[in-house]
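Worksheet for the structure shown next.
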Amino acid sequence: MSDENTYEAGPGPGPGDGAGTRVRLRDRPRAAVFTARAVLHDLRAVDGALYAAVAATPTPALDVGLRRLSNAADHSKISFAVAAGLALVPGRPRRAAAAGLGAIAIASATANLFGKRLVRRARPDREAARVVVGRHVPMPESASFPSGHTASAVAFATAAGVALPPAAVPLGLLASAVGYSRVHTGVHYPGDVAAGAVLGLASGAAALAGASLVRARRRSS
């Protein structure tokens, strides 16, 4: 007689077992948690391996430029400079600047007030990975996940690029370079940057949606 609280999980370990391994239904949540932890462990292993591979790859022609780019992206200085230039031109460029700045505000607040406080991932051990000293930028004291630099750069590129399509590709390339520079300089794992990019895309979309709502209300009033 079968137990309704069990299910077949697969064939038994030996040829004489006949019946498959039975797992109690109430144990399914535990199995799911175990699987999720195993997947997360593997993803972290891949993340660490990618970080180590970047650290171990000699790139003397790129080191200085990426270090300077990473420093210039502190506090979204590059995006603010671009926004200031766009704001000088009435019409679409000015609207793009406003949308981009709104996206930065959303991304920065979400990354710093929620993401970093919830996950609290430790920064990479740059010395153990032997990241070339010529790449070094100051190691932030905040948590590593997600990358706030990447989130803000991608958020600005997304919102401003949609509002001003000719700027989409240059801003996207710039945001990608900023994100990679954070791994290259040793202050973030690739996974931190990937999460920051996803957050940036969502923040850009939210800023555009908010701007559209404001314009719609102005037209109706």
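Things worth noting here:
- Within segment 150-178, residues that are open to solvent by 20 Å² or more (accessible area, probe 1.4 Å) reach partners that are modelled with pLDDT under 95 and small (Gly, Ala, Ser) with beta carbons closer than 9 Å, at six or more positions or on different chains, in the pairs ALA163/ALA211.
- Annotation note: of LEU40, LEU86, LEU62, the sole residue that is over 17 Å from the mean Cα position of the chain (by Cα), closer than 21 Å to SER147 by Cβ and in a helix (DSSP H, G or I) is LEU62.
- Candidates LYS116, LYS77: the one that is in a helix (DSSP H, G or I) and under 16 Å from the mean Cα position of the chain (by Cα) is LYS116.
- Total residues in segment 55-86, condition of a type outside the set (Gly, Ala, Ser) and surrounded by 14 or more Cβ atoms within 10 Å (Cβ to Cβ): 9
- Tally of residues being in contact (Cβ under 8 Å) with a residue 60 or more places away in the chain and open to solvent by 30 Å² or more (accessible area, probe 1.4 Å) across segment 87-101: 3
- Looking across GLY191, GLY186, GLY204, one residue alone is open to solvent by less than 30 Å² (accessible area, probe 1.4 Å) and over 15 Å from PRO124 (Cα atoms). It is GLY204.
- Candidates ALA143, ALA111, ALA160 - the one that is under 30 Å from ALA209 (Cα atoms), in contact with a Ser or Thr (Cβ under 8 Å, 6 or more places away or on another chain) and either hydroxyl-bearing (Ser, Thr, Tyr) or at pLDDT 95 or above (or both): ALA111
- Test: residue in segment 144-159 that is farther than 24 Å from GLY204 by Cβ, among the hydroxyl-bearing types (Ser, Thr, Tyr) and in a loop (DSSP other than H, G, I, E, B): no
- Assessment of segment 120-139 against the conditions (of a type outside the set (Gly, Ala, Ser), open to solvent by 50 Å² or more (accessible area, probe 1.4 Å) and outside any loop (DSSP other than H, G, I, E, B)) yields at least one matching residue.
The values are calculated or read from the model by the stated rules, or taken from the named source; none is laboratory data. All values reported here derive from a predicted model rather than from experimental measurement. Using ideal geometry, Cβ is built from the backbone for each residue, glycine included, and neighbour counts are taken over all protein chains shown. Surface areas here come from the heavy atoms of the whole protein model, side chains and all, with no ligands, DNA or RNA. Shrake-Rupley method; radii C 1.70, N 1.55, O 1.52, S 1.80 Å.
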